[in-house]
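A.B. asks: Just dropping this structure here.
The values are calculated or read from the model by the stated rules, or taken from the named source; none is laboratory data. Owing to the predicted nature of the structure, the values given are computational and were not obtained by experimental measurement. Positions of Cβ are backbone-derived with ideal geometry, glycine not excepted, and every protein chain shown enters the neighbour counts.
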């Protein structure tokens with residue numbers, strides 16, 4: 001009989017009942033099913049309230065990046081990621097930057113954009129002006145929906161209106177600019193947009209459709225810069241100035257070519273997203289906003305490309321490499337998983353940030369550090385050499401190597417420069433065959 005995934009009332013079942021059902025469905029062994037279990041210190045009830053149909057958790061490796069000095073203060077930075085060498089690379093970059101003061105970072109005010117889409121407006125140009133004429137009243141009505149946010153200095157600060165063409169004809173899109181303070185802002189912004197929608201419809205004579213926050217947070221930016229001394233970049237095969245020039249050449253490709261730029265910016269997000277996940281923030285929103293900002297910035301500039309790097313590299317008067325970054329950072333310390341998930345709360349405490357703006361500064365510094373390390377590796381030894389040992393360790397474990405066998409398999413894989421699963425398996429078979437003989 002064919003199985004059906006149409007299950008009535010699955011959400012009403014207990015976690016154990018759901019897990020048992022999934023185990024039977026997937027044909028999992030008891031050992032495989034135990035991988036869903038909750039680690040000590042994580043309350044199943046808390047996780048069960050975070051999302052629907054919970055059966056367990058999927059832990060990511062959690063590491064701590066060292067050496068970071070940002071605006072004169074030292075940080076240990078929790079990073080949650082499955083990719084090898086990311087934490088080590090960020091830590092190394094932070095160490096290189098320490099002699100010149102580390103990272104210097106800043107953020108803009110935590111202003112988020114709420115969008116309201118209005119269709120079927122008979123006189124869009126005049127309607128836009130009617131909205132702007134009532135700006136003060138509209139902002140007051142929005143702020144009445146969140147007096148607590150206003151009390152702490154936040155709330156709706158401005159209102160913009162644009163006329164856009166679309167496949168469905170012209171439309172007005174209103175932007176409500178809201179200072180979210182230490183929150184991510186989604187709930188506050190969406191609530192305000194919902195509240196204003198009827199008045200927008202009345203003033204324009206149109207029909208309101210979407211009322212939602214935008215993840216392209218162009219007003220909520222984090223910036224950082226650092227100087228990487230040329231003397232610290234030399235290798236056995238190249239002088240420091242040669243490495244600086246090689247990094248600048250690598251950066252130039254990201255500026256000129258969207259295919260390289262996509263990977264360049266992905267490397268930045270290796271660092272940023274790891275911290276975002278560790279602190280319980282919405283990494284999908286951060287990544288979408290960052291990549292959209294890279295494209296939006298290209299459109300606003302005179303660059304002959306569709307996307308730009310989120311970082312910039314230059315050479316100072318002494319020949320040192322100066323890196324900088326500008327990226328949207330709509331993160332929060334109150335609300336969401338940050339306020340609920342026990343690991344996220346512990347990570348925020350380790351990080352020691354006191355505001356969402358400070359967290360944004362850390363994100364910018366880590367993103368720049370990660371990107372610098374990637375460019376340095378690419379421009380000198382190549383990215384694979386840095387990854388090789390960690391990747392070989394993963395291959396050895398995947399092939400079934402025990403703790404006492406892993407180092408021997410890794411050593412062979414690296415020496416042979418054949419970091420593949422089939423080779424790891426063959427080496428492991430050889431080792432065990434020799435031991436049996």
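A.B. asks: What residue, of 228, 200, is in contact (Cβ under 8 Å) with a residue 12 or more places away in the chain, crowded, with 18+ Cβ neighbours inside 10 Å and farther than 30 Å from residue 379 by Cβ?
C.D. replies: None of the other options fit; the residue is 200.
A.B. asks: Another one. Quick one: which residue in 171, 186 is over 27 Å from residue 340 (Cβ atoms) and either in contact with a strand residue (DSSP E or B) (Cβ under 9 Å, 6 or more places away or on another chain) or outside the structural domain of residue 286 (by TED's automatic domain parsing) (or both)? Can you show your working first?
C.D. replies: Working: 186 fails: over 27 Å from residue 340 (Cβ atoms).
Within the list 171, 186, the selection yields 171.
A.B. asks: Out of the stretch 248-273, which residues are over 23 Å from residue 77 (Cα atoms) and crowded, with 22+ Cβ neighbours inside 10 Å?
C.D. replies: Scanning the stretch 248-273 gives 251, 254, 261.
A.B. asks: Name every residue in the stretch 211-222 that is touching a helix residue (DSSP H, G or I) at 6+ places or on another chain (Cβ under 9 Å) and either surrounded by fewer than 19 Cβ atoms within 10 Å (Cβ to Cβ) or farther than 20 Å from residue 267 by Cβ (or both), in order of residue number.
C.D. replies: Taking the stretch 211-222 first, the residues touching a helix residue (DSSP H, G or I) at 6+ places or on another chain (Cβ under 9 Å) are 211-218, 220-222.
Within the stretch 211-222, 211, 212, 213, 214, 215, 216, 217, 218, 220 qualify.
A.B. asks: Here is a further query. Anything in the stretch 144-154 that is touching a helix residue (DSSP H, G or I) at 6+ places or on another chain (Cβ under 6 Å) and free of Cβ contacts under 8 Å to residues at least 24 places away in the same chain? List them, or say none. I'd like the intermediate steps shown before the answer.
C.D. replies: Kept after step one, since they are touching a helix residue (DSSP H, G or I) at 6+ places or on another chain (Cβ under 6 Å), are these residues of the stretch 144-154: 145-146, 149-150.
Listed by number, the list holds a single entry, 150.
A.B. asks: Taking the stretch 157-178 as the region of interest, how many residues are in contact with a helix residue (DSSP H, G or I) (Cβ under 6 Å, 6 or more places away or on another chain) and outside any strand (DSSP E or B)?
C.D. replies: Result for the stretch 157-178: 1.
A.B. asks: If I filter the stretch 356-404 down to residues being in a loop (DSSP other than H, G, I, E, B) and either in contact with a strand residue (DSSP E or B) (Cβ under 9 Å, 6 or more places away or on another chain) or surrounded by 22 or more Cβ atoms within 10 Å (Cβ to Cβ) (or both), which single residue comes out as modelled with the lowest pLDDT?
C.D. replies: That would be 381.
A.B. asks: May I ask you to list the residues in the stretch 38-63 that are in contact with a strand residue (DSSP E or B) (Cβ under 6 Å, 6 or more places away or on another chain) and either under 13 Å from residue 271 (Cβ atoms) or buried (at least 17 other Cβ atoms within 10 Å of the Cβ) (or both)?
C.D. replies: Correct list: 63 only.
A.B. asks: Are any of the residues in the stretch 286-302 without any contact (Cβ under 8 Å) to a residue 24 or more places away in the chain and touching a helix residue (DSSP H, G or I) at 6+ places or on another chain (Cβ under 6 Å)?
C.D. replies: So far as the stretch 286-302 goes, yes, one or more of its residues are without any contact (Cβ under 8 Å) to a residue 24 or more places away in the chain and touching a helix residue (DSSP H, G or I) at 6+ places or on another chain (Cβ under 6 Å).
A.B. asks: Can I ask one more? Enumerate the strands (runs of 3 or more DSSP E) found wholly within the stretch 41-119, keeping only those where 3 or more residues are more than 30 Å from residue 163 (Cβ to Cβ). Write out each step before concluding.
C.D. replies: Values: elements: 62-70, 73-80, 104-107, 111-119.
Once the strands (runs of 3 or more DSSP E) in the stretch 41-119 are filtered for at least 3 residues that are more than 30 Å from residue 163 (Cβ to Cβ), what remains is 62-70, 73-80, 104-107.
A.B. asks: So, one more: For the stretch 124-143, does any single residue satisfy the condition of being under 30 Å from the mean Cα position of the chain (by Cα), in a strand (DSSP E or B), over 22 Å from residue 207 (Cα atoms) and outside the structural domain of residue 333 (by TED's automatic domain parsing)?
C.D. replies: No, there is no match, as no residue in the stretch 124-143 is under 30 Å from the mean Cα position of the chain (by Cα), in a strand (DSSP E or B), over 22 Å from residue 207 (Cα atoms) and outside the structural domain of residue 333 (by TED's automatic domain parsing).
A.B. asks: Return a yes/no flag: does the stretch 269-278 have any residue that is over 27 Å from residue 352 (Cβ atoms), outside the structural domain of residue 176 (by TED's automatic domain parsing) and at pLDDT 95 or above.
C.D. replies: Looking through the stretch 269-278, none of the residues is over 27 Å from residue 352 (Cβ atoms), outside the structural domain of residue 176 (by TED's automatic domain parsing) and at pLDDT 95 or above.
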